[in-house]
Amino acid sequence: MKEQGAGSREQGAGIKAAPQEAGRGDCCSPPPALCVPDALAITSAEFITSAVQPEQYPRDESPEVAFAGRSNVGKSALINCLIQRKKLVRTSRTPGRTQLINFFKINNSFLFVDLPGYGYAKVSQSLRASWGPMIETYLDSRENLRGIVQIMDLRHPPTPDDISLWSWLKEKKLPAIPILTKADKLSRAKWNPLAQAAGRILGISPADFIIFSAQTQQGRNELLCRVKELILR
């Protein structure tokens, strides 16, 4: 039986158990049966505002979880997969198009924050130079930020920008969930070796990664479990 305090926190955060997905396992993560009953069920999602400067952030003390990743890594598709909405977070065929911090209210009780994609060489140098301070200011100053979901491409080793952000998050002691996405582009046999290689580069265990695919929903429940843990911190 859960303690009353834990139960009331879950109710206040708009959290309830998600239905279990049958026959869907995650590479490099605990078996879904250990987690799925406690997953986060998302029942509503709406766009709130876009911002560049702190004074433009929503005046909302609800917990926030931010999503960061290289341009064209599939960040928008991942968020849409989590909330089960195809077009709430707009995707673009032009990498580097997202240039603002976008806030979404989830279950009317916490927020997802879509950070601008980083590392795309074809945008102007001045624009790329502005993204770093914009993202760093948000991560460093937002008091209700509970943690970061950092999204990387399973098919490729972490880039210098990926490594730099991961190191910065660790230095700042910000809780972070490392994602290796686009798993549907590769055979399952390649997932674990690639996760091991990425883990060596970032200095973490391959078991720390969530292997994800927005197309097949591989890893969705595992990520929702980890997001729930951040929200309830």
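Residue by residue, here is whether (1) in contact (Cβ under 8 Å) with a residue 12 or more places away in the chain; (2) within 22 Å of A77 (Cα to Cα); (3) surrounded by 14 or more Cβ atoms within 10 Å (Cβ to Cβ); (4) touching a Pro at 6+ places or on another chain (Cβ under 8 Å) holds:
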residue	(1), (2), (3), (4)
A176	yes, yes, yes, no
A195	yes, yes, yes, yes
R226	yes, yes, yes, no
R233	yes, no, no, yes
Q.
What's the total number of residues in region 178-193 that are small (G, A, S) and either within 23 Å of C225 (Cα to Cα) or surrounded by 14 or more Cβ atoms within 10 Å (Cβ to Cβ) (or both)?
A. 1
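Of all the residues that make up region 126-164, how many are among the hydrophobic types (A, V, I, L, M, F, W, C), touching a Phe, Trp or Tyr at 6+ places or on another chain (Cβ under 9 Å) and either more than 15 Å from G69 (Cβ to Cβ) or at pLDDT 90 or above (or both)?
7
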Q. Quick check: is even one residue across region 148-155 buried (at least 21 other Cβ atoms within 10 Å of the Cβ) and acidic (D, E)?
A. yes
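The values are calculated or read from the model by the stated rules, or taken from the named source; none is laboratory data. Because the structure is a prediction, the values reported are computed rather than measured. Reconstructed Cβ throughout: ideal geometry from the backbone, glycine too, with neighbour counts over all protein chains shown.
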